[in-house]
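Down below is the structure, laid out as structure tokens.
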Amino acid sequence: MSLVRVLQDEEHWPHFSTIVVTEGFGSDDDLLDWPEGPDDFGFDVGFGTAGRAGTGWLWITAGDGPHHVTLEVHDAAPGIPGAEWPQVWETPYRSVTGSVGLSTMTDGPARETVDLQGRGAYRLQVCSRWDGDSGVWSLRWWPCSPEEPPRWIRRGSDQYATPKALAEDVAALIAWSPRRRVTCTTAELADRLALAPTDMRTAVNLAVRSGWINLDGSLHGDTAVTVHLSRQVS
């Protein structure tokens, strides 16, 4: 068994071109002893090429809409989605109330929600495809502990994939990695970001110049490098 519950909005019109997922209403106790997610940056880092998630929130860069959005709750990893989804990425998500739903950038908790598998750490898979200006989105949660850093499975042709947004993807990857650092070869890093090596180097170098991360080693060659979050934002 994998799929447990589903919530759909077949004509979602997001505010500020951003699909927002938040927690449902909870008690004050739900907010106690919950540290900020490591990707809850206190500096000017945007959504990346597609979105970001943290403790009790998900923001997706989506355009005006309308959009068809499906929220799915699974009790185990659903696996790699089919080719009908040209863009797929995954991120950690921390739930403080055990329920999620659609909201807006200016509203509070979601009013219509679907129950997760309780409070705690989740993996969130975001699948999307486009029909003109309208998007189809499948958001899939399942319990996952310990948390695993974000990864891209597929990148579609996307108008939001600017150099700065790609650098923000790099920052999110490093922030959610154990001890906020990654040691790997450049080929492994490019694979996790689903980028060509040249695009990966450009994104990492821009993130370094922006002061978000530091790089120990060279991005040229087959030896391992260490990428870690900048000290001033740790």
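The values are calculated or read from the model by the stated rules, or taken from the named source; none is laboratory data. Remember, it's a predicted structure, so these values are computed and weren't measured experimentally. A quick note on method: Cβ atoms are made from the backbone with ideal geometry, for glycine too, and the neighbour counts reach across all protein chains shown. All accessible areas refer to the heavy atoms of the entire protein, side chains included, with ligands and DNA or RNA removed. Shrake-Rupley method; radii C 1.70, N 1.55, O 1.52, S 1.80 Å.
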What tally of residues in the range 165-195 results from selecting those that are in a helix (DSSP H, G or I), open to solvent by less than 60 Å² (accessible area, probe 1.4 Å) and not β-branched (Val, Ile, Thr)? 12
Out of the residues in the range 203-234 that are exposed (fewer than 14 other Cβ atoms within 10 Å of the Cβ) and closer than 13 Å to Lys164 by Cα, which is modelled with the highest pLDDT? Arg209
When Leu58 is run through (1) open to solvent by 10 Å² or more (accessible area, probe 1.4 Å); (2) closer than 22 Å to Leu116 by Cβ; (3) at pLDDT 90 or above, the failure sits at (1)
So how many residues does the range 95-129 have that are touching a Phe, Trp or Tyr at 6+ places or on another chain (Cβ under 7 Å), among the charged types (D, E, K, R) and open to solvent by 30 Å² or more (accessible area, probe 1.4 Å)? 1
Please identify the pairs in which a residue from the range 206-232 that is free of Cβ contacts under 8 Å to residues at least 24 places away in the same chain and closer than 16 Å to Leu173 by Cβ has its Cβ atom under 6 Å from the Cβ atom of a residue that is open to solvent by less than 20 Å² (accessible area, probe 1.4 Å) and polar (S, T, N, Q), counting only partners at least 6 apart or on another chain. Asn214/Ser230
From Ser210, Ser177, grab the single residue that is of a type in the set (Gly, Ala, Ser) and closer than 17 Å to Trp152 by Cβ. Ser177
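With the requirement that a residue be outside any loop (DSSP other than H, G, I, E, B), of a type in the set (Ser, Thr, Tyr) and either without any contact (Cβ under 8 Å) to a residue 60 or more places away in the chain or more than 30 Å from Ala196 (Cα to Cα) (or both), what does the range 109-155 give you?
Keep residues of the range 109-155 that are outside any loop (DSSP other than H, G, I, E, B), which gives 110, 114-115, 120-131, 134-143, 151-154.
Next, from what is left, pick out any that are of a type in the set (Ser, Thr, Tyr): 122, 128, 134, 138.
Tyr122, the sole residue that qualifies.
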